[in-house]
Amino acid sequence: MTTPISNVEQIKQASRHLRGSLRESLGDAHTGAIRADDTALIKFHGSYQQDDRDLREERRQQKLEPAYSFMIRTRTPGGVVTPRQWLALDAIATRHANGSLRLTTRQALQFHGVIKRKLKATLQAINASLIDTIAACGDVNRNVMVSANPVESPAHALVHDWARRLSEHLKPNTHAYHEIWLDEERIAGGEAESEPLYGDTYLPRKFKIAFAVPPHNDVDVFAHDLGCVAILEEGALAGFNISVGGGMGATHNDAETYPLLGQLIGFATPDQLFAIAEAVLATQRDFGNRSASNTRSRIVALTGSRARSNAAPVSRWLSRAHSRSNTTAIALAGAKAMTVAGT
Amino acid sequence: MSAQIHTPAQLPIAGEKGIQLARLVDGLDPQALWWLSGYSAGLASKLQPQALAPAVAPTQALAPITVLYASQTGNARRVAERLAADIESAGSAVRLLRADAYARRELKDERLLYIVISTQGEGDPPDDARTLVEYLAGKRAMPLPGVRFAVLGLGDSSYPQFNAVARKLDARLAELGAERLFALGEADLDIETIADPWRRQALDHAIESTPAATPCASVVPLRAVATTPRHDRDAPFAAELLANQRISARDSEKDVRHLELSLHGSGLEYEPGDALGVWPRNATALVYSVLDLLALDGDAAISHGGETHPLRHWLQVRRELTRIGRPFLARHAALAGNAGLNHLLATGQSAALATLLGSHQLPDVLRAWRADWGAEELVDALRPLTPRLYSIASSRKLVGEEAHLTVAHVEYQAFGHRHQGVASGYLADAGDETRIAVFIERNERFRLPADDSRDIIMIGAGTGIAPYRAFVQERAARGASGRNWLLFGNPRFHSDFLYQVEWQEALREGRLHRLDLAFSRDQASKIHVQQRLRENSRQLLDWLGNGAHLYVCGDATRMARDVEDTLLEVFAGHANGDRAQAAGKLELLRQEGRYARDVY
């Protein structure tokens, strides 16, 4: 039986790779809000619309619309920013947002209280500091977490670098962000712009990756869709033990959804990392629940009732990923011995 | 179900015909009975057409059944949708409406009304029903005789305020004279347990009440006999204050109020563009400070111009205390024997004098330059209190016997004391029990085009938006085909976008066709309405070329002047820079009644 696809899925489908009517929404001076459909799309650009709940009723009586503002979140793998970037972000928070800069549990930075009129200038300023907000929210790969302190050892630096590269690799391909916020021209032949990794409707739900370097597991690697536990041999990075299907998401009162630990599926060398990540992501993309009844909690393919056999769809995608790319066949070795919290 | 009708003794049909009638209707089902009533009404109207024709008013073309819902999470909507679908498939006309899309003036015309409404956590209605629920709970709610209704509440019994909204609504509708068809349904989280039987009942009543054939009857409205005395400036009407709502946000520098006054029973009628005259009262604190400063007895009886009142009364309702004139200041200077003040008056330093008169209320003068005033001479010297005029912000076609005002509350600190404008302070402080003395001040020069197909351009700043609210309401009610363009300016978008939600709705629904906004303080350089005019000069000329009427309302000294300069500039730009030609064009517009100003 086919259930109708959810509203958000329809919005994504019609959005021309996340463009929607965001431009028109930003240009509408009569409201501090963006159009309803665009509220789903702007998340993929690293922002979402909020309103001050405490003022809602008061403003309704005042015949004023709710006090809308926007949260903006950075894509900063491992939460690493340079001192110069930090100062730039701090200044942006003072100038365009409510003055605060929040550090999130996913190692991102958040601005709050940015009004629509200042949204574009704020995103331009953030990008000018060489940080972007692409895919910081929405149904895509989110900010990649790393427990490694990059200055602790060369191996730690290497793990952080893999996380950064993976984050870059899994970034949506659409040029929408650059057109809408950074005033870049639409690339010639833009009609042919494709999303080879995500497809036109992106993921059914958000997707989370974390890297841990034993013995520390402060990123909670098994609570992620994809967990990568670095295996260091005599100080050198040998590869990663890969876990899949973890997640904390659960919808209250819905027994179909519950938190689940990720399960180890084997060991991967660094050169296998992108292919594996793509395969896991594609599994969520193609097996995830996109129906209207989806409560948008964890995806069924990686968690929930089918979680115990999740290795099957992942391995199917590993072989498909192989046939599509020119990499060597991906055959995961057995997971190596490791000691991290949660094992 | 069959009819059992006993012929009442007082039936106008007696004897044989009466018996035949009883026989005829015996055993007929409701549909047949409805058809019969329509049939006989049709016969009656043919026999006596002249008796009905002149007085017949078109009745509201409402569907016979209305299903109204208010939903936070969609459950109430779903139940309402199912009910409406059921009724429709049973062959009855029904309309399904969300509470915030419901025109509450239609309530009294409803025949069969079903309401499905949820109750939120602390006993609150869903957002989309707040306005309606507030209205119904309020004292303004109209009586609803002839309305039959039933209410279904959706709630969660784990909260103490289980179905509180539905309960109140159900009780209130009955209180207003509507007839409850069957008991309130109170659904819990297992909605269907209660909702399904409630829906079945509702459906049964819907089917029963639907006539098989549209009865050929007309409603003859009873025209109220105009026996109430006419009210005017000298005999103002004591209007009940229905609403006193601040409409500038809490962080605004201005306190702007939306006031709704009841004109019920006054016989007062106004047209869009007219003003409401308000007879203010000076604040009690202000009266006391004058009495204290002069050590005068408020109870002392003072006669002036053939009238005798206690001094307190003279000061509170008969004399200006917030505005002083030059004659008063001259007498004060003489009494005070103050050289500086006398010099100021004598040397004709008009600018300095104007500043003084514009900034000082009576207590400020009394504090600055001590003088001994007697009660009689004080009453004699002060200016008589005059009413203040406010452009009416409503159309009677929409609000009925009400008048709405948009009032900027003038309130500030000066000379170490709180100051208020006499009327705006009086109105802003007015509570539920206050009766405001009002009258209508006609403003024939600020009228909508008689031709509804003409476009209108409305330029306003601050409370100058008031008459445009009336214009847009009126044009929508009239079904005017001309376009409405509003240009509005105020300090900040976030806090000073007066009636924002209403304008958004008007745009969505096609009652307003263009809206250009100028918020002066939202950016480094100030932007005013005239800049928007300049930016849109091509459209402005197009609209005017098309016969549009142009209106300007608001501050006279800056806004209206700047707008006029800009109009001349735009016209001149169109006439190769010829200022004289531009001035001629503006003058022509004025003569044609297409350039109207309401400035203050």
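Since every read-out is calculated from the coordinates, none of them should be taken as a lab result. In this text, all values refer to a predicted model and were calculated from it rather than measured experimentally. Here the Cβ positions follow ideal geometry from the backbone for every residue, glycine too, while neighbour counts run over all protein chains shown.
A few comments on the model shown:
- Stokes-Einstein D in µm²/s, Kirkwood radius over Cα pairs - the range A:71-122 at 25 °C with 0.890 mPa s viscosity: 221
- Shape category assigned to the range A:1-101 from the gyration tensor of Cα positions, a/c cut at 1.5: oblate
- Ranking B:LEU293, B:PRO272, B:TRP314 by Cα position along the charge dipole of the range B:264-325, where only Lys, Arg, Asp and Glu carry charges on their C-beta atoms, puts B:LEU293 farthest toward the positive end.
- Cβ-placed point charges (K, R +1; D, E -1), dipole of chain B about Cα centre in debye, nearest 20: 1220
- In the range B:320-470, the ratio of gyration radius to Kirkwood radius, Rg to Rh, stands at 1.09 when only Cα atoms are counted.
- With neighbour counts taken as other beta-carbon atoms within 10 Å, the residues B:TYR468, B:TYR600 rank, fewest first, as B:TYR600, B:TYR468.
- Gyration tensor verdict on the range B:171-213 (Cα atoms; rounded if a/c is under 1.5, prolate if a/b is larger than b/c, oblate otherwise): oblate
- Too-long pairs where the Cα-Cα distance tops 24 Å, listed order kept, from B:LYS526/B:LYS585; A:LYS43/A:LYS208; A:LYS63/A:LYS116: B:LYS526/B:LYS585
- Protection proxy ranking, peptides B:368-381, B:471-484, B:492-505, average beta carbon neighbours within 10 Å, highest first: B:492-505, B:471-484, B:368-381
- C-alpha long axis of helix B:164-175 to longest principal axis of chain B, angle in °: 80
- Spatial offset of the range B:302-329 relative to the range B:229-282 amounts to 24 Å, using the alpha carbon center of each.
- With the charge dipole of chain B set up from +1 on Lys and Arg Cβ and -1 on Asp and Glu Cβ about the Cα centre, the Cα lying farthest toward the positive end among the listed residues B:MET559, B:GLY584, B:VAL94 is that of B:GLY584.
- 10 Å binning of all Cα-Cα separations within the protein assembly as shown, expressed as whole percents from 0 upward: 2, 9, 14, 16, 17, 15, 12, 9, 5, 2, 0, 0
- Share antiparallel - DSSP beta bridges, the protein assembly as shown, percent rounded to 5: 55
- Summary of the geometry: the range A:58-78 and the range A:253-284, compared by the centres of their Cα atoms, lie 33 Å apart.
- P(r) for the range B:86-209, from all Cα pairs and a bin width of 5 Å, is 2, 11, 21, 24, 22, 14, 5, 1, 0 %, short bins first.
- In order along the range A:106-116, phi translates into HN-Hα couplings of 9, 6, 9, 10, 10, 9, 10, x, 7, 7, 3 Hz, rounded to whole numbers, per the Karplus curve 6.51 cos²θ - 1.76 cosθ + 1.60 with θ = phi - 60° and x for Gly and Pro.
- Placing +1 on each Lys and Arg Cβ and -1 on each Asp and Glu Cβ, with no other charges, gives the protein assembly as shown a dipole about its Cα centre of roughly 1000 debye.
- Chain B: relative contact order as a whole-number percent, Cα under 8 Å and 6+ apart: 11
- Between the range A:149-185 and the range B:561-590, the alpha-carbon center distance in angstrom: 58
- Dipole-positive endmost among B:ASN342, B:ILE392, B:GLY358 within the range B:325-399 (Cβ charges, Cα centre): B:ILE392
- For q = 0.09, 0.13 Å⁻¹, Debye-computed log10 I/I(0) when each Cα of chain B counts as one equal scatterer: -0.93, -1.39
- Take the Cα of A:ASP271, step 7 Å toward its Cβ, do the same at B:GLU502, and the gap between the two points is 7.3 nm.
- For the range B:82-135: rounded, prolate or oblate by the Cα gyration tensor [a/c cutoff 1.5]: oblate
- DSSP bridge orientation in chain B - percent antiparallel, rounded to nearest 5: 45
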